[in-house]
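Notes to accompany the following structure.
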Amino acid sequence: MGSVVKSLLAVYRLQGGRASRLRAGFARGLEVVHTTLASRSPPRIAA
């Protein structure tokens, strides 16, 4: 997981403005994953 974050940061540095859109999409994907996990398991992750 840490390597994914590192590569995202590298892309962010390289692409500048376009990467903000990428990061927004990544955050949205994380939200989807989070809600999926929260609905499957007990609500201990729901913060």
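Hey, does the range 4-13 have a residue that's exposed (fewer than 10 other Cβ atoms within 10 Å of the Cβ), modelled with pLDDT of 70 or more and of a type in the set (S, T, N, Q)?
No, the conditions are met nowhere in the range 4-13.
Go through the range 14-47 and report how many residues are modelled with pLDDT under 70 and not β-branched (Val, Ile, Thr).
Matching residues across the range 14-47 total 11.
The values are calculated or read from the model by the stated rules, or taken from the named source; none is laboratory data. Quick caveat: nothing in here was measured; it's all calculated off a predicted structure. Cβ coordinates were reconstructed from backbone atoms using ideal geometry, including for glycine residues, and neighbour counts include every protein chain displayed.
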